[in-house]
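The values are calculated or read from the model by the stated rules, or taken from the named source; none is laboratory data. From a predicted model like this one, the values you see are computed outputs, not experimental measurements. Note that we place each Cβ from the backbone using ideal geometry, even for glycine, and neighbour counts take in every protein chain shown. Only protein heavy atoms, including side chains, enter the accessible area calculation; ligands, DNA and RNA are left aside. Shrake-Rupley method; radii C 1.70, N 1.55, O 1.52, S 1.80 Å.
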Amino acid sequence: MSEQEINKTEALSEEILEGDVQQLDPGELEVVNLLQEFDVSFEIIATFLTNKYSLSTLRIIERAEIEELIPVPHLAERTKVIHGLNKWRCSQGLPPISHPAVPVQHVEKDKKKEVSREECSATYLLTNSARGRAIIDSYKSSDHKLLSRTDKASITRIVVDEFIDRFSKLTSAELKSRASELFQLFPTIPEHTWFEPSSYKNASGHTIKRRFARGCLYDRNINVWKRIVKIQPPVINRTDEAGPSPKSVIGITETQVEEYRKLKQWFIHNQDEWEDLRAKWKATSQIRLLELSRADNRTCESIVAEYPTLKHHHGYQLIQIDFEERFPEKTTSLFDHWDSFASGVRRIFELEILDAEGKGLLETIADEKCSKDVRNISIVSLLAHLLACKHPVGNQTNSRHWKPSIVETKEAVLLSVTNFNQLEGDLARLTNRCFEKGLPFTPIIIVLGSTNPTGYTLWHNTFSYKFPSFLKTLDICIKLFRAYDIEYPPQSADVWTFLAGYLYEFPIEQPYLVALCATLDRLAKAK
């Protein structure tokens, strides 16, 4: 077993020992429960999980593979597993575990000698892996031709880890070759999902250059031996080709700057003259965006402190003005794309969502008696299940790292409450959590009422805006983040990046989110 696999096995056994199994999917939990019945150690259970065994593969596992998983000096543990699996398989009418004709160690050595570096392709590795063959067969028999995130992760590990175990890290040319192979095997998954070099020619023949290559295979290839000590929140691309950056504004005179400073005070004291205020706000949008672009560490608190007029209950109209100044063609993007988005992402949810709470939300979406707002709330809630934060997050002011749960991911997007008493306690709890974790508090959507919502509020501890529908609230929240380049909360950054990227067509850097958007586009076209 490689050093990486040993480290992962140790980490998994610690999680199981401590009872922290929230990160295990239902299939892994089934394996844990079965092997615990055989009275084997947590280290042995973690070994099976590391190698991606499920109940279906335990039904066909052979003795040679068990001997590879449980080597000397763990013969007693091996005996327990073989005895327990034999009884379990016989109870299901399956044959007992077979005896190997040749010791597995010899078989593995012979295999590695037979295959050269050039022959050890993605197709070879997948077709010689039980898990790989199962994924290929499932994909071919599927009507929708989709790969789940788990499938993509398994393919990546087989293609990269198995190759590195035999030889060394893949070169750029080998990564490109394997991406092409995977596109042939899974033609509905874009080739750039697997690997996209730092320099390539687009369809027009122009050379595109970026600082780094990207893709699932590339990320795995460079990180496979690294133990990540500190995970930084995802970096959001702030240079948008779709709209003018405020830094590009030119031709502003000193006189205009002086007039603008006076207007900033006028805004504070003349909020009763709202229509006049809106007109002046729009006239000064360019210089305001330029001023904000030069500020470091922009947060809602710092922006509202600089522009207190945003606290007005109609302050969201001013956010809309600034967003339209930067991205005039994206003003109605959410409402234009939502129906096709909701239809496509629902099919992805049906494939990916396995937990009980998520399945309950899927039933809500399918219930024709539910209102549109309830369905839309359920869709955004399910994104927290689909894109739950995968790594610990932290802040420069807080060295302790924190692994957010699905609930904590969801609460950084929206909060559903039944009454105002619950609301007060929940808001205090969320505010304290951000303070303890050293993170700025970001706007969240508050839904009053669960089965029959009666109100929608975009809430921050410095302002609140009420709206007649959930989608309008979501629209203003995303526009607030993007108009002023406010960092997304790290525990829900993937959810916000995905929504802004797909609905408003803002650039996305994360390969798995790019692939998810591509799948949605394909489902929309096939509809």
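Data table
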item: Every residue from the range 59-75 that is part of a helix (DSSP H, G or I) and either open to solvent by less than 70 Å² (accessible area, probe 1.4 Å) or farther than 16 Å from LEU35 by Cβ (or both); result: ARG63, ALA64, ILE66, GLU67, GLU68, LEU69, LEU75
item: Residue in the range 153-166 that is under 26 Å from the mean Cα position of the chain (by Cα), polar (S, T, N, Q), part of a helix (DSSP H, G or I) and modelled with pLDDT under 90 present; result: yes
item: Hits in the range 136-170 (condition: of a type in the set (S, T, N, Q), farther than 21 Å from TYR53 by Cβ and either touching a residue at least 24 places away in the same chain (Cβ under 8 Å) or open to solvent by 70 Å² or more (accessible area, probe 1.4 Å) (or both)); result: SER141
item: Verdict on SER2 being modelled with pLDDT of 80 or more and either crowded, with 17+ Cβ neighbours inside 10 Å or out of contact with any Gly (no Cβ under 8 Å at 6 or more places or on another chain) (or both); result: no
item: Some residue of the range 354-376 being of a type in the set (Val, Ile, Thr), closer than 23 Å to PRO468 by Cα, more than 22 Å from the chain's Cα centre (by Cα) and not in a loop (DSSP other than H, G, I, E, B); result: yes
item: Residue that is nearest to THR519 (Cα to Cα), among those in the range 126-135 that are out of contact with any Gly (no Cβ under 6 Å at 6 or more places or on another chain) and open to solvent by less than 10 Å² (accessible area, probe 1.4 Å); result: ILE135
item: Residues that are at pLDDT below 90 and either in a helix (DSSP H, G or I) or open to solvent by 40 Å² or more (accessible area, probe 1.4 Å) (or both), drawn from the range 381-394; result: LYS390, HIS391, PRO392
item: VAL413 within 19 Å of CYS389 (Cβ to Cβ) and without any contact (Cβ under 8 Å) to a residue 40 or more places away in the chain; result: no
item: So LYS169, is it closer than 18 Å to GLY215 by Cβ and touching a helix residue (DSSP H, G or I) at 6+ places or on another chain (Cβ under 8 Å); result: yes
item: Scope the range 410-442; condition polar (S, T, N, Q), open to solvent by 30 Å² or more (accessible area, probe 1.4 Å) and either outside any strand (DSSP E or B) or within 27 Å of ASP485 (Cβ to Cβ) (or both); matching residues; result: THR418, ASN419, ASN421, GLN422, THR431, ASN432
item: Close pairs from the range 300-320: first surrounded by 14 or more Cβ atoms within 10 Å (Cβ to Cβ), partner of a type in the set (Ser, Thr, Tyr) and in a helix (DSSP H, G or I), Cβ under 8 Å, at least 6 apart; result: GLY315/THR309; LEU318/THR309
item: Which listed residue, of ILE445, ILE508, is of a type outside the set (D, E, K, R), in contact with a helix residue (DSSP H, G or I) (Cβ under 8 Å, 6 or more places away or on another chain) and assigned to a loop (DSSP other than H, G, I, E, B); result: ILE508
item: Conditions (1) farther than 23 Å from ASN376 by Cβ; (2) in contact (Cβ under 8 Å) with a residue 40 or more places away in the chain; (3) not β-branched (Val, Ile, Thr): number failed by ARG433; result: (2)
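Table: residues versus (1) surrounded by fewer than 18 Cβ atoms within 10 Å (Cβ to Cβ); (2) in contact with a helix residue (DSSP H, G or I) (Cβ under 6 Å, 6 or more places away or on another chain); (3) not hydrophobic (A, V, I, L, M, F, W, C).
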| site | (1), (2), (3) |
| --- | --- |
| ASP336 | yes, no, yes |
| SER371 | yes, no, yes |
| VAL374 | no, no, no |
| ILE379 | no, yes, no |
